[in-house]
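These notes concern the structure reproduced below.
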Amino acid sequence: MQRGWEDVDALLEGRTVATQMGLPGVGPAAVAPCWREVDVRGTRVERVREFGEIYLALALWRRLGLHTLLHELLAGGREEVPWETVACLLTVARFCGQLSELGVAERWFQRTALDELLGVNWAQINDDRLYRGLDALHAHKEALTRHLLARYQSWFGVRFEFLLYDVTSTYFEGEAERNPQAQRGYSRDQRPGNKQVCIGLVCTPAGLPLSFEVFAGHRADVGTVEQIVRGMEAKYGQAERVWVMDRGMVSEANSAFLRERKARYLVGTPKSWLRAHEQTLLEQSDWKTVQDGLAVRLVEQPGGEPGERYVLCRSAARAEKERSMLARQSERLTEELIKLDAWLRRTPQSDLEQVGRRIGRPLGKYPAAADDDADLDAEGVDLADLLADVLEGGGVDGVAVLGAAQHLAAELQHDALVFERRFARDLCAHEGRGNPGRKGPSMAEMPQRGAGAFRTRQGGCSCGWCRMQASTLQPDCSAWHG
């Protein structure tokens with residue numbers, strides 16, 4: 001058995017094993033068999049360990065040549081376990097679906113045969129060592145990327161002409177004060193109160209990562225495109241690259257930047273840009289079915305850039321999904337309005353502001369269902385008539401309350417924006433108003449909801465907070481402008 005472990009390196013790297021152990025009845029026996037009688041009732045299996053997927057991961061690690069590359073990159077020191085071995089362990093663990101370094105150190109490693117395959121005792125593996133191993137690897141990110149790309153090209157002959165780019169984020173528990181990139185921004189994890197970092201990833205259609213960058217948590221997706229494109233061109237050249245990005249990356253500046261570099265691109269289009277093609281979408285001719293339920297059509301942009309065309313898509317599955325989403329919102333809005341109707345009939349109210357708040361809350365929560373173009377719920381109930389019944393049942397001025405409700409619905413949407421974009425308080429430099437050295441309002445100083453908390457934008461305020469708002473209603477920032 002010891003001879004088998006000695007041959008593991010050769011087996012993992014695909015080399016011929018010098019001495020192959022013989023199997024009974026198959027080929028010449030290297031050693032005469034020695035038989036013993038065993039009482040199976042007195043035997044048991046102890047410490048069963050995972051081996052199959054571990055062995056496969058190690059084989060890929062060796063065939064990729066990562067063991068030799070990291071041995072050269074990671075200089076040895078006083079560490080008990082070589083950093084290349086720690087890197088191998090981390091990679092094998094992720095290959096086998098382990099998501100936590102703490103779980104690897106405390107439970108998973110002991111269940112595997114890695115102690116024999118790597119020659120590392122499980123008592124030497126702890127979460128601190130694994131975290132430090134990640135730090136050691138980060139310094140050699142570019143060298144690792146180049147090595148893997150070269151190996152991938154030699155194996156499969158790919159040219160990396162089709163590049164997919166997107167941004168995701170990961171959040172932190174705690175303040176993360178020592179990480180300057182940890183900031184509050186748009187949370188894809190529905191954790192707007194947590195600090196986060198954004199991660200931009202470039203990969204191939206097959207899913208091979210080509211490059212990644214870490215951005216500050218409040219960095220907008222659209223502001224990362226130029227840095228990523230320039231970085232990829234510096235590493236791998238500019239020729240024969242097709243960039244594929246979603247609509248979150250699209251802006252006039254980014255489109256002009258790509259055209260200036262003569263780059264080819266396929267990007268998602270913001271819905272607001274599609275208004276010029278509404279009539280074309282309704283036409284029934286010249287559509288080509290590319291797969292069941294999906295039809296496309298190429299159109300020129302009127303007055304657009306030469307050579308730039310729009311690929312219009314009509315998806316039956318997407319249309320059904322949006323109808324279902326709208327129906328679900330309508331059902332929930334109907335339920336909320338029925339509850340309000342019962343409340344007003346049971347307890348008539350004279351306080352317009354309180355009634356408006358109660359009505360504005362569901363209208364702000366389900367904006368699509370409250371839209372004039374979608375005023376019927378899934379059961380055919382007219383939501384406008386239902387809202388009128390609610391107002392009539394309360395015995396109050398329906399017109400006044402509806403106006404207040406619409407105002408408060410916009411206010412609630414603004415409050416959600418304040419909560420999700422708390423980082424905007426650091427954007428206001430106050431431009432010399434009252435307290436020039438102050439960085440921005442605290443959450444306690446944010447505009448309070450209620451009468452007078454909003455004013456129409458008239459161009460009077462040009463602070464960073466007010467400039468970033470997309471709504472026509474702006475918070476009255478005079479309270480914190482000093």
Original post:
Does segment 273-294 contain any residue that is under 30 Å from A220 (Cβ atoms), surrounded by 15 or more Cβ atoms within 10 Å (Cβ to Cβ) and of a type in the set (F, W, Y)?
Top reply: no
**OP:** Would you confirm whether any residue within segment 344-352 is part of a helix (DSSP H, G or I) and either aliphatic (A, V, I, L, M) or assigned by TED's automatic domain parsing to the domain that holds Y165 (or both)?
**Re:** yes
**OP:** Identify the single condition in (1) within 19 Å of G207 (Cα to Cα); (2) of a type in the set (D, E, K, R); (3) touching a Gly at 6+ places or on another chain (Cβ under 9 Å) that R94 does not satisfy, given that it satisfies every other one.
**Re:** (3)
Original post:
Which one of these is surrounded by fewer than 11 Cβ atoms within 10 Å (Cβ to Cβ) and within 29 Å of G223 (Cα to Cα): G304, G237, G248?
Top reply: G237
**OP:** Looking only at segment 125-134, decide whether some residue is in contact with a strand residue (DSSP E or B) (Cβ under 6 Å, 6 or more places away or on another chain) and surrounded by 18 or more Cβ atoms within 10 Å (Cβ to Cβ).
**Re:** no
Original post:
Hey, does segment 58-74 have a residue that's part of a helix (DSSP H, G or I), aromatic (F, W, Y), over 26 Å from K235 (Cβ atoms) and out of contact with any strand residue (DSSP E or B) (no Cβ under 9 Å at 6 or more places or on another chain)?
Top reply: no
**OP:** For segment 319-339, state whether one or more residues are modelled with pLDDT of 85 or more, hydrophobic (A, V, I, L, M, F, W, C) and loosely packed, with under 11 Cβ neighbours inside 10 Å.
**Re:** no
Original post:
So A206 fits all but one of (1) surrounded by fewer than 18 Cβ atoms within 10 Å (Cβ to Cβ); (2) more than 24 Å from M245 (Cα to Cα); (3) assigned by TED's automatic domain parsing to the domain that holds G237; what number is the exception?
Top reply: (2)
**OP:** Of all residues in segment 255-280, count the ones that are under 23 Å from C198 (Cα atoms) and touching an Asp or Glu at 6+ places or on another chain (Cβ under 7 Å).
**Re:** 2
**OP:** Assess whether G237 counts as being closer than 19 Å to V311 by Cβ and at pLDDT below 90.
**Re:** no
Original post:
Would segment 185-192 turn up any residue that is at pLDDT below 90, within 13 Å of the chain's Cα centre (by Cα) and either crowded, with 19+ Cβ neighbours inside 10 Å or polar (S, T, N, Q) (or both)?
Top reply: yes
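Here's the yes/no breakdown for (1) small (G, A, S); (2) buried (at least 19 other Cβ atoms within 10 Å of the Cβ):
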position	(1), (2)
Q153	no, no
L163	no, yes
R178	no, no
V202	no, yes
V214	no, no
G217	yes, yes
Subject >> helices (runs of 4 or more DSSP H) fully within segment 97-211 counting 3 or more residues that are over 22 Å from K235 (Cβ atoms), without any contact (Cβ under 8 Å) to a residue 60 or more places away in the chain and touching a Leu at 6+ places or on another chain (Cβ under 8 Å) >> reply: 127-138
**OP:** Kindly indicate the residue of segment 164-184 that is among the small types (G, A, S) and either within 14 Å of the chain's Cα centre (by Cα) or at positive phi (or both) and also modelled with the highest pLDDT among those meeting that condition.
**Re:** S169
**OP:** Would you point out the residue of segment 63-91, among those that are hydrophobic (A, V, I, L, M, F, W, C) and within 17 Å of A105 (Cα to Cα), that is nearest to the chain's Cα centre (by Cα)?
**Re:** L90
Original post:
Taking the condition in the same structural domain as R132 (by TED's automatic domain parsing) and surrounded by fewer than 20 Cβ atoms within 10 Å (Cβ to Cβ), does A93 pass?
Top reply: no
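The values are calculated or read from the model by the stated rules, or taken from the named source; none is laboratory data. Being a predicted model, the structure only gives us computed values, none of them experimental. Here the Cβ is made from the backbone with ideal geometry for all residues, glycine too, and neighbour counts use every protein chain on show.
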